[in-house]
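S.K.: Handing you this structure, nothing more for now.
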Amino acid sequence: MTVGGVTLNLNDPLTLAALVGALVLLFLLVSGVRASGRAARSADLLAQQMRGVAGRVQQLSDGQERLAGGLHHVSEMQANSQSAMLQVMETRLAEVQARMNETLHGTARRTAHSLGELQERLQAIDKAQSNITKLSSDVLSLQDILSNKQTRGAFGEIQLTDIVGKALPSDSFTLQATLSNGRRADCLIHLPNPPGPIVVDAKFPLEGYEALRRAETQEQLARAAQAFRLSVRKHIRDISDRYIIEGETADGALMFLPSEAVYAELHANFPDVVREGFAARVWIVSPTTCMATLNTMRAILKDARMRAQAGAIRRELHALYGDVDRLSARVANLDRHFGQAAKDIEEIKISADKAGKRARRLDNFDFEELAEDHRPAVAVLRADQRVD
């Protein structure tokens, strides 16, 4: 093989080695050229990338500056917001504190007022407690009174006396009046005939009533009812026999029960006993019905007294008519006197006017007019007048 005028023996190992070395060198050169081209292109690309990175770095720097400015603005706004928030919070806190103080003062006043009312109520409760204690002692005393027949009878008489004294005039009844048969009535009311004086006697069948209240079995209830019935019947018979006297008292009498409860029990569960009282002309009354009955009696007494005084009333009316007649005549005389007095006053005024005129003329020395006034007057008589 001849290259450039040089003959190369391919069978020679040295030649082959030289050729191989030349080829390798050529390959290396080509590879180096290619690598340098790629390196140049890489350098350009790298330079472009570096310029892009530098631009981005600049953008990042600008962004960082803007971010720093924004952060500073945000920091200022946050500081202003915090300051405003603190001011608002301080204002709100002051308002809340003022409201709390006002609320606390109001609560304190209300609490003080409530405590004052509570103290007053406690005082009222203490007073009521003392009254209850006193009432309890009074109830015990009343129980002691009612447990004895004599004191119980006195209690009924006192209550009857109080009711009669409030309902009737003091001269229309007599307490503890003695009748012709020697019996003494608790109260005798002086009613006109008819019906005549009527007796009111107080009875208090308390044992039978309390036995009725304490009865627990039907047998106890039956025994208590029988005892109560017998007690009331005995009282009715006693009043009918002792206090209804023909020609002296009214044809009936009143039995006063000083307990509304006993009266209600009697009329509710013992109507037969009430009817027996009607038959015996004994009318059973309680404090309430007794007051109503006494008011009716007061009306009867008033009507009777007006009838008794009818003659005196007519005499007084006749005398009153005479007084009115004389008063009319005297008023007429007084009217004539006033008329004459008015006429005299008018004449006095005329004379006074004339005297005043004469005095003025004398004061002015006007004697000529006075002389004319002194001329004799000619009297003119009317046809209906005569000269005495």
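The values are calculated or read from the model by the stated rules, or taken from the named source; none is laboratory data. What you see is a predicted model; the values in this text were computed from it and never measured. Note that each Cβ is placed from the backbone with ideal geometry, even for glycine, and that neighbours are counted across all protein chains shown.
S.K.: Looking only at segment 231-249, decide whether some residue is without any contact (Cβ under 8 Å) to a residue 60 or more places away in the chain, within 48 Å of the chain's Cα centre (by Cα), part of a helix (DSSP H, G or I) and within 18 Å of Ile284 (Cβ to Cβ).
M.R.: Scanning segment 231-249, I find at least one residue that is without any contact (Cβ under 8 Å) to a residue 60 or more places away in the chain, within 48 Å of the chain's Cα centre (by Cα), part of a helix (DSSP H, G or I) and within 18 Å of Ile284 (Cβ to Cβ), so the answer is yes.
S.K.: Looking at Lys234, Lys302, which one is under 22 Å from Glu157 (Cβ atoms), in the same structural domain as Ile158 (by TED's automatic domain parsing) and of a type outside the set (Val, Ile, Thr)?
M.R.: On the way: Lys302 fails: under 22 Å from Glu157 (Cβ atoms).
Answer to the selection: Lys234.
S.K.: Only one of these is modelled with pLDDT under 70 and either surrounded by 11 or more Cβ atoms within 10 Å (Cβ to Cβ) or in a helix (DSSP H, G or I) (or both): Thr151, Thr107, Thr111. Name it.
M.R.: Thr151
S.K.: Follow-up. Mind listing whichever residues of segment 268-291 are of a type outside the set (S, T, N, Q), surrounded by 14 or more Cβ atoms within 10 Å (Cβ to Cβ) and not in a strand (DSSP E or B)?
M.R.: Answer for segment 268-291, where residues must be of a type outside the set (S, T, N, Q), surrounded by 14 or more Cβ atoms within 10 Å (Cβ to Cβ) and not in a strand (DSSP E or B): Phe270, Val273, Val274, Glu276, Gly277, Ala280, Arg281, Pro287, Cys290, Met291.
S.K.: Next question. Go through segment 182-221 and count every residue that is free of Cβ contacts under 8 Å to residues at least 12 places away in the same chain and closer than 17 Å to Val262 by Cα.
M.R.: Residues in segment 182-221 being free of Cβ contacts under 8 Å to residues at least 12 places away in the same chain and closer than 17 Å to Val262 by Cα: 5 in total.
S.K.: Right, here's the next one. Six or more apart or on different chains, Cβ atoms under 7 Å: show the pairs whose first residue is in segment 292-306 and touching a residue at least 24 places away in the same chain (Cβ under 8 Å) and part of a helix (DSSP H, G or I) and whose second is surrounded by 12 or more Cβ atoms within 10 Å (Cβ to Cβ) and not aliphatic (A, V, I, L, M).
M.R.: Pairs that qualify, where the first residue is touching a residue at least 24 places away in the same chain (Cβ under 8 Å) and part of a helix (DSSP H, G or I) and the partner is surrounded by 12 or more Cβ atoms within 10 Å (Cβ to Cβ) and not aliphatic (A, V, I, L, M), are Leu301/Ser172; Ala304/Pro192.
S.K.: What do you reckon, is Ile244 in the same structural domain as Gly277 (by TED's automatic domain parsing), within 16 Å of Phe256 (Cβ to Cβ) and touching a Gly at 6+ places or on another chain (Cβ under 6 Å)?
M.R.: no
S.K.: Can you name the residue in segment 251-267 that is of a type in the set (Gly, Ala, Ser) and either at pLDDT 90 or above or over 38 Å from the mean Cα position of the chain (by Cα) (or both) and, of all such residues, is surrounded by the fewest Cβ atoms within 10 Å (Cβ to Cβ)?
M.R.: Only one residue fits best here, namely Gly252.
S.K.: Check Leu175, Leu160, Leu142, Leu168 and return the single one that is within 30 Å of Asp201 (Cβ to Cβ) and either among the β-branched types (Val, Ile, Thr) or modelled with pLDDT under 80 (or both).
M.R.: One residue alone meets the criteria, Leu142.
S.K.: Before we move on, is Gly311 exposed (fewer than 10 other Cβ atoms within 10 Å of the Cβ) and of a type outside the set (Phe, Trp, Tyr)?
M.R.: Yes, satisfied.
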